[in-house]
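First the structure, in the form of structure tokens, and then the observations on it.
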């Protein structure tokens with residue numbers, strides 16, 4: 001099987017690339033144009049419940065402020081122990097306005113600072129990056145991921161000067177998977193700030209890991225649809241792709257501040273976030289974290 005097919009076989013399911021509603025009242029079931037991703041790498045033994053308790057302080061601060069910008073947290077099932085936090089915006093201007101609004105809200109800003117101080121003791125490192133949605137590189141992307149449980153993250157680093165070849169490769173992949181698997185979906189985001197130029201994320205949400213099994217079972221149909229383009233795709237992949245990483249994450253409701261639409265869509269799953277957000281609303285954030293550790 002060619003390199004691209006080995007790469008994309010697991011990407012033929014539901015798309016996920018965002019958290020929930022932005023401050024500009026964008027629907028939580030639309031596809032974000034701008035995606036901010038924060039990565040927190042935890043120290044050994046500081047993940048799990050310990051990290052969830054620290055993160056609850058952020059959720060409580062946002063809930064008390066009734067902040068309109070939501071986010072989704074998830075934890076790693078593969079690779080280095082870490083958590084991802086995804087926040088969506090309709091534009092870079094919307095992102096700017098949200099940052100400015102937080103800075104002007106003294107109570108919220110102070111609560112976030114205190115929560116960050118406590119959370120920092122658990123972290124080995126953290127970083128942030130901002131990505132832009134590339135519709136032309138996506139295949140039938142799905143926006144409503146409120147019932148999803150896992151996020152498949154594929155990180156492509158493209159060689160300098162090879163963007164045109166990358167675009168041709170993705171075009172052929174879309175044609176092959178579009179014909180070979182009627183359920184194939186993925187969304188592609190290009191890194192704009194916070195890392196190396198030429199970095200692309202291909203994001204896929206899964207309701208169950210049985211969908212991974214299905215992806216592999218569709219191999220013959222997909223290869224048949226790709227047909228004579230297989231060799232060309234192999235050549236393009238070898239020429240333009242410098243590196244590829246694939247990782248799997250699980251959505252974590254205790255670390256999330258989801259939109260009400262998501263909670264109503266799947267209350268049994270997201271209720272952990274709701275309960276966390278409403279717990280001890282009268283206590284200062286620092287006291288809450290200390291009490292829970």
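Rule-based calculations on the coordinates, nothing more; no lab input. Keep in mind it's a predicted model, so treat the numbers as computed, not measured. Heads up, the Cβs are rebuilt from the backbone with ideal geometry, glycines too, and the neighbour counts pull from every protein chain shown.
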What is the distance, in nm, between label points placed 7 Å from the Cα along the Cα-to-Cβ direction at residue 244 and at residue 50? 3.6 nm
Placing each pseudo-label 7 Å from Cα in the direction of the beta carbon, residue 38 and residue 235 end up separated by a distance in nanometres of 4.7 nm
Simple spin-label estimate for residue 268 and residue 196 in nanometres, 7 Å along Cα-Cβ: 4.4 nm
Which of the peptides 110-117, 253-260 is most tightly packed, and how do the rest follow, going by the mean number of other Cβ atoms within 10 Å of each residue? 253-260, 110-117
Less than 12 Å from a label point 7 Å out along the Cα-to-Cβ axis of residue 155: which backbone N atoms in the range 242-272 qualify, by residue? 243-248
Full-extension gain between residue 102 and residue 66, please, as 0.36 nm times their residue separation minus the C-alpha to C-alpha distance. 11.8 nm
